[in-house]
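The values are calculated or read from the model by the stated rules, or taken from the named source; none is laboratory data. These numbers come from a predicted model, not from an experiment. Reconstructed Cβ throughout: ideal geometry from the backbone, glycine too, with neighbour counts over all protein chains shown.
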Amino acid sequence: MTLGPAIFIVVMSFITAAISGVFGMAGGLLLKGSLALVLPVSATFVVHGILQLVANGWRAILHRKHVDWRIVGVFAIGAFAIGGVMAFVALEPTRATLFLLMGLAPFLVWLPQGWVKLDASRPVQALICGISVTGMNLTAGVAGPLLDIFFVRTALNRHQIVATKAATQIFSHLMKIAVYGAPLLAVHGKGLPPWWLFAVAIPLSMLGTAAGGIVLNRLSDVNFKRYLRLILTVIGAGYLAQAARLYMLGG
């Protein structure tokens with residue numbers, strides 16, 4: 001990997017971690033697309049998983065007093081279950097399909113609340129959340145908007161939502177690293193960036209997460225949801241345009 005793409009990944013690690021630190025998602029979606037511009041598709045799943053594992057883990061630690069661990073525990077069971085199944089399924093989307101899936105995912109936040117009655121605070125639905133969100137993470141590479149649907153009807157406040165979602169995503173990203181990382185390591189990490197990049201990007205993602213937490217404290221619950229939808233819509237539209245361009249070019 002040349003220096004230019006490496007610097008790009010490091011900078012985006014900080015920026016996207018800060019965005020996720022504010023909204024609990026959107027940053028991961030933006031990071032995944034950024035990685036897809038400079039890395040092979042399979043490598044994007046592993047790199048995204050590692051960087052997001054750190055960002056989400058650190059965010060969960062920073063806001064640990066707000067985490068609903070009951071939800072996290074049930075989610076983890078679902079995540080491990082679908083991860084075990086997907087480990088035996090050889091599925092790697094093309095770059096065009098990856099952008100298509102990433103572009104469609106953000107528009108889930110616009111579904112009328114009356115259409116879906118999901119609540120992650122209910123054990124059965126927390127299990128379904130773990131299965132579906134992790135499954136989407138293993139195919140589209142991102143699942144923040146789907147995860148959000150399970151939290152919009154909970155009685156949690158914005159700090160509890162950000163903290164609990166961060167803790168659940170630790171398990172989703174662990175599954176992503178395991179499922180896609182094992183085959184790459186079998187061929188000596190082909191397509192993965194050098195390890196020094198992670199040594200630089202990981203501390204910056206932790207710093208970005210902390211910076212995002214400062215902004216979160218200054219947001220109202222109303223603005224929190226309004227800005228989140230706007231950011232996701234813009235990112236989704238951009239990815240759909242990129243998918244269309246790639247399909248016209250042949251993939």
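Here are some notes:
- Filter pass, LYS165 being closer than 20 Å to SER42 by Cα, touching a Leu at 6+ places or on another chain (Cβ under 7 Å) and not hydroxyl-bearing (Ser, Thr, Tyr): no
- Across segment 90-113, the number of residues qualifying as hydroxyl-bearing (Ser, Thr, Tyr) and surrounded by 18 or more Cβ atoms within 10 Å (Cβ to Cβ) comes to 0.
- Test for LEU146: is it under 25 Å from ILE19 (Cα atoms), at pLDDT 90 or above and not β-branched (Val, Ile, Thr): no
- Enumeration of residues in segment 99-124 that are aromatic (Phe, Trp, Tyr) and either assigned to a loop (DSSP other than H, G, I, E, B) or modelled with pLDDT under 90 (or both): PHE107, TRP110, TRP115
- Complete set of residues in segment 1-53 that are polar (S, T, N, Q) and farther than 25 Å from VAL109 by Cα: THR2, SER42
- Residue match in segment 177-190 (condition: buried (at least 18 other Cβ atoms within 10 Å of the Cβ) and either over 21 Å from LEU37 (Cα atoms) or touching a Cys at 6+ places or on another chain (Cβ under 9 Å) (or both)): yes
- Taking the conditions (1) of a type in the set (Lys, Arg); (2) under 23 Å from PRO183 (Cα atoms); (3) buried (at least 22 other Cβ atoms within 10 Å of the Cβ) in turn, LYS165 satisfies each one other than (2).
- Residue satisfying all of: in segment 191-203; loosely packed, with under 13 Cβ neighbours inside 10 Å and of a type in the set (A, V, I, L, M, F, W, C); farthest from VAL11 (Cα to Cα) among these: TRP195
- Only a single item in (1) surrounded by fewer than 17 Cβ atoms within 10 Å (Cβ to Cβ); (2) in a helix (DSSP H, G or I); (3) aliphatic (A, V, I, L, M) is not met by MET206, and it is number (1).
- Of all residues in segment 125-157 being touching a residue at least 60 places away in the same chain (Cβ under 8 Å) and part of a helix (DSSP H, G or I), the one that is farthest from GLY49 (Cα to Cα): ASP148
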